[in-house]
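Accompanying notes for the structure given below.
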Amino acid sequence: MRGATELQKDTDMIESIRGALRALLLAAGTAALVAGCATSTPSGALARYDLGPPTMPAASSTSAASGASTGTPDISNTANAAASAASGAARLSPLKVVVNAPNWLDSDLIYYRLPASDGDQARVYANSRWLASPARLFGDRLRVALAVDRPVLAAGDPTAAPALRVELDEFAQYFDSASTSHGVVQIRATLFDGPKLLAQTTLRAQAPAATADAAGGARALAAASDAVQTQLIQWLAGRVPTPAPSTTTRSAPASRAVPATAPRSDAAPDASPLSAATR
């Protein structure tokens, strides 16, 4: 009888240990699931976005002149601008361009903001990323837009030219509700001529998103980028100084006076004064 009682106690203890192990495994599995949801998905499962192909800025001098005179669509203006750029016609003075951004915009994360009623919090999409940082995407697009009308130089280029420094202050998708949102881009532009500060401005643009997701936000931010870059090109008009002409240009050699004499029969017709003086 006593042996049966001890056996029963041992069985109950084993079952209790098994139950504790099952509870521990269940808790561990739940913790792992929660941790998996909190972390980002593997890079192979991420959707990648950029700002799309660059567009012809409406404010460029070539486009404005072509559109005003012919009224042709943007695609024709783009072709005309490319032809003008290739021929070197109506080119503006060169400009060095530098684009900077705060640390939170110097990564591939896609940010969105909830309405003010929800605390205006900045969050990131878990399964979507930019192909490059917003600073890189915006900067490349800006250089293409500026290069339509002028040579665009790197910051370290030895050529003497004014410099444009652009600070990317905001680049995010704003949600007005669960189904509506818009992209917002804000920059601070500063124009320098060497160490001299010429002008500074803050520009902001926004564009509606067709869909309330990362894809819609990327397209809206591309449109807002184009809009703020158009504002920037308009602001630059007339503010970028023309480089001073080089002082090392050699002047034309002065001609020597030759006494008037009777024409020689062996003199070459239409000879230049310089060649006649050196005969």
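What follows draws every value from the coordinates through simple rules; no lab data is involved. Source: prediction; values computed, not measured. For neighbour counting, all protein chains shown are included, and Cβ atoms are generated from backbone atoms with ideal geometry for every residue, glycine included.
Quick notes on this structure:
- Total formal charge among the other residues, if their Cβ is under 14 angstrom from that of A163, Lys/Arg +1 and Asp/Glu -1: +3
- For the pair L197 and W235 in one chain, pulling the backbone fully straight at 0.36 nm per residue adds 12.2 nm over the alpha carbon distance.
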